[in-house]
Amino acid sequence: MSSFVQSEFFHNYTRSTSAILGSALMVGFVLAVTAGPFLVSQNPYDIAGLNLMDSYKPPFWMDGGDARFLLGTDGQGRDVWASILYGARISLFIGLVAMVASCVIGTFLGLVAGFYGGIIDSVIMRIADIQLSFPSILIALFLMSAVGTGVDKVLIALTAVGWVVYARTVRGTTLSEIKKEYVQAAKVAGLPNAKIIRKHVLPNVMTPLIVIATIQVGTFVLIEASLSFLGVGVPITQPSLGLLIKNGFDVLFSGLWWTSVFPGLAIMALVFGINLFGDFLRDELNPRLK
Amino acid sequence: MFGYLIKRLIQMLLVLWVVSLVVFLMMSFTGDPVFMIVPIDATEDQIAQARRILGLDQSLPVQYWIFITSLLQGDFGQSYVFRQPALSLIVERMPATVEMVLVAMLIAVVVAIPLGVYAGANPKGRLSRIIMAGSLMGVSLPGFWVGMVLIYFFAVYLGWFPSSGRGETGEVLGVRTSLVTANGWHHIILPAVTLSLATMAILLRMTRAGMMEVARQDYMKFARAKGATRQDVLYKHGLKNALIPVVTIFGLQLGDLIAFATITETIFSWPGMGKLLIDSIYRADRPVIVVYLMLVALIFVVINFLVDLVYTLIDPRITLK
């Protein structure tokens, strides 16, 4: 621990306002999401706890506001702040799980492509090329339109979109790693390929993935929100932040802005935090810039 | 050069073929389009007959063969909802999307390039930091939410702009566009600004990175050694080279703008082909979805090809192989 505190990385971190702000936003978001149910008195999914008399209350500082509902309520009398805390769980869960799945699958394919080369490499990389020539949001939209709504389906669609960037990066680093002597030595020593890949190549290709993985959580949260906003993401029983915005959009023209504006600010806080911290990581982990 | 063109052409056809295969397979495994065609109280016989007419009683390979040969013959199928050829439905709505994408691109370039150049030339300045924070904000915001906030503020609250629709259109060279009427421009500003934000942020960051990269090159030091001022060197020697990568991104962003136009059009009820896609997804109007995807795939493949060509024109160090 003390070696970490004395490290250059930690030193630069304490001197970077954006890195501190970014990680503070991320940590704050995660804490709020974890502690969510304890922070609010109302469970927005529990119909019995809702009262239609409380519907469309504005935020507490406006005329007609109610101190019980800090950010106002929606059409069912649901507390917007509580909905955000519960919805952010779904958004963050989807972003994290899809990131891990993409990372595992993409890293595996990239290692295999780089290590074995030949036809396996060509096939994997051609698929990646074709996929990269289309915007992720369009591919995800198409997949969702084919399979229908659902948290599991959003995860599949995001993973199908997200593996490519890992596969490409890992393949590139693998190609340069396997030429190095330590891999050659392991081969000469007669280690099986699977073991060489796992024990020797894998640890050396991981560093660039940290930045990609960090930024990708933010990207996934945004894509999921867009899909849900279009009505092809999560089902209404599991409203993520994107779906909350969609529901709010339907009443926006009546001037009821708070049901959609606040969930958007929540997304922004998370993704902005992730991007700030991701930018810092990129600069720190990129030896070329030092 | 000629050999390269042939090779690229074959590659492009290959990509389109793969896309057609993927689109076909995904569509075949999901849902049964027969129920889009027959009335609710249809008998078994009627359903079987509809199935025969649609060719759904054939095996998958045969279905794919029919699908791909009719595509090649220019038969893109009928929309289940509109009972019109799917292709003409999309082509009708294309000018609306294209004009919005172009205006968004214009806004992005006009704002991003000068700010990016400034931030790259003065990386430590206070204003540069604000610009960069703003651009990071631009990629962190959900585009549809920004559109919504703009609608609320400028359309509902201030009433300066209309909240939806395309407004009046005029005809130029046989294409109906809203870019020739004042009312049309009045309608296009909000959606185009919404659409442009993400691209603006990315172009800005690319321009800045390019400027910072060229500042480190030897020819810049040489020009400085000759006695040229820093500003002169940056803007006369640096800028041209800094913008090379921006051109590539420009092309790729065009593709992204077309994709994100689906969302922007949905928020602003803009009658373009993106909104048609979303509506068709809701209505399970399979032929329209298929044609949209094939058409957009074609557009993307062509854009990527053009970007590669332009790249070799502006950067003589790169040769086509």
Select, from A:114, A:110, A:150, the only residue that is more than 30 Å from residue A:175 (Cβ to Cβ), open to solvent by less than 20 Å² (accessible area, probe 1.4 Å) and more than 8 Å from chain B (Cβ to nearest Cβ).
A:150
Looking at residue A:27, is it open to solvent by less than 30 Å² (accessible area, probe 1.4 Å) and at pLDDT 75 or above?
no
Given the residues A:104, A:123, A:97, which is the only one that is open to solvent by 50 Å² or more (accessible area, probe 1.4 Å), part of a helix (DSSP H, G or I) and in contact (Cβ under 8 Å) with a residue 24 or more places away in the chain?
A:97
Could you please give the count of residues in the stretch B:267-298 that are more than 19 Å from residue B:18 (Cβ to Cβ) and touching a residue at least 40 places away in the same chain (Cβ under 8 Å)?
17
Selection from the stretch A:197-223 of residues that are open to solvent by less than 10 Å² (accessible area, probe 1.4 Å) and either at the interface with chain B (Cβ under 10 Å from one of its Cβ atoms) or free of Cβ contacts under 8 Å to residues at least 40 places away in the same chain (or both)
A:218, A:221
Name the one entry in A:85, A:141, A:71 that is over 14 Å from residue A:168 (Cα atoms), within 14 Å of chain B (Cβ to nearest Cβ) and buried (at least 19 other Cβ atoms within 10 Å of the Cβ).
A:141
So, of the residues in the stretch A:175-186 that are open to solvent by less than 40 Å² (accessible area, probe 1.4 Å) and assigned to a helix (DSSP H, G or I), which turns out to be farthest from residue A:216 (Cα to Cα)?
A:186
Go through (1) modelled with pLDDT under 85; (2) away from every other protein chain (no Cβ under 14 Å); (3) touching a helix residue (DSSP H, G or I) at 6+ places or on another chain (Cβ under 8 Å) for residue B:83 and report which single condition fails.
(3)
If you check residue B:129 against the conditions, is it in a helix (DSSP H, G or I), within 14 Å of chain A (Cβ to nearest Cβ) and among the basic types (Lys, Arg)?
yes
When the stretch B:229-265 is examined, which residues are found to be touching a residue at least 24 places away in the same chain (Cβ under 8 Å) and either among the hydroxyl-bearing types (Ser, Thr, Tyr) or not in a helix (DSSP H, G or I) (or both)?
B:235, B:243, B:248, B:264
I'd like to verify a number: residues in the stretch B:76-119 that are surrounded by 18 or more Cβ atoms within 10 Å (Cβ to Cβ) and of a type in the set (Lys, Arg), how many?
1
Show the residue pairs that are 6+ apart or on different chains and have beta-carbon atoms under 9 Å apart, the first residue being within the stretch A:4-24 and within 15 Å of residue A:285 (Cα to Cα), the second being surrounded by 12 or more Cβ atoms within 10 Å (Cβ to Cβ) and among the polar types (S, T, N, Q).
A:13/A:23; A:19/A:12
In this structure, does residue A:172 turn out to be in contact (Cβ under 8 Å) with a residue 24 or more places away in the chain, buried (at least 20 other Cβ atoms within 10 Å of the Cβ) and within 30 Å of residue B:305 (Cβ to Cβ)?
no
Options A:120, A:124; residue that is within 27 Å of the chain's Cα centre (by Cα), modelled with pLDDT of 90 or more and over 28 Å from residue B:261 (Cβ atoms):
A:124
Determine whether the stretch A:245-266 contains at least one residue that is more than 14 Å from every other protein chain (Cβ to nearest Cβ) and either closer than 28 Å to residue A:139 by Cβ or assigned to a loop (DSSP other than H, G, I, E, B) (or both).
no
Residue A:101 being at pLDDT below 70 and more than 18 Å from residue A:33 (Cα to Cα)
no
With respect to the numbered conditions (1) over 30 Å from residue B:155 (Cβ atoms); (2) at pLDDT 80 or above, which one is the sole condition not fulfilled by residue B:237?
(2)
Which members of the stretch B:272-293 meet the condition of being closer than 17 Å to residue B:95 by Cα and not in a helix (DSSP H, G or I)?
B:272
Only one of (1) under 30 Å from residue A:130 (Cβ atoms); (2) more than 20 Å from the chain's Cα centre (by Cα) does not apply to residue B:199, and that is (2)
Regarding residue B:276, is this residue touching a Leu at 6+ places or on another chain (Cβ under 7 Å), more than 25 Å from residue B:169 (Cβ to Cβ), away from every other protein chain (no Cβ under 11 Å) and modelled with pLDDT of 85 or more?
no
Of B:81, B:101, B:156, B:117, which residue is aliphatic (A, V, I, L, M), closer than 21 Å to residue B:280 by Cβ and part of a helix (DSSP H, G or I)?
B:101
Whether any residue in the stretch B:149-159 is crowded, with 22+ Cβ neighbours inside 10 Å and in contact (Cβ under 8 Å) with a residue 60 or more places away in the chain is what I want to check.
yes
In the stretch B:147-170, the residues that are touching a Gly at 6+ places or on another chain (Cβ under 9 Å), of a type in the set (Val, Ile, Thr) and at the interface with another protein chain (Cβ under 8 Å from one of its Cβ atoms)
B:149, B:156
Given the condition closer than 26 Å to residue B:84 by Cβ, surrounded by 23 or more Cβ atoms within 10 Å (Cβ to Cβ), at pLDDT 85 or above and more than 10 Å from every other protein chain (Cβ to nearest Cβ), answer yes or no: does some residue in the stretch B:294-313 qualify?
no
Just one of (1) closer than 19 Å to residue A:153 by Cβ; (2) touching a Lys or Arg at 6+ places or on another chain (Cβ under 9 Å); (3) outside any loop (DSSP other than H, G, I, E, B) trips up residue A:211, so point out which.
(1)
Any idea which of (1) at the interface with chain B (Cβ under 9 Å from one of its Cβ atoms); (2) over 19 Å from residue A:159 (Cα atoms) is the one residue A:232 doesn't satisfy?
(2)
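The values are calculated or read from the model by the stated rules, or taken from the named source; none is laboratory data. The structure presented is a predicted model; accordingly, all values stated were derived computationally and were not measured. Backbone-built Cβ (ideal geometry, glycine too); neighbour counts: all protein chains shown. Accessible surface areas use protein heavy atoms only, side chains included; no ligands, DNA or RNA. Shrake-Rupley method; radii C 1.70, N 1.55, O 1.52, S 1.80 Å.
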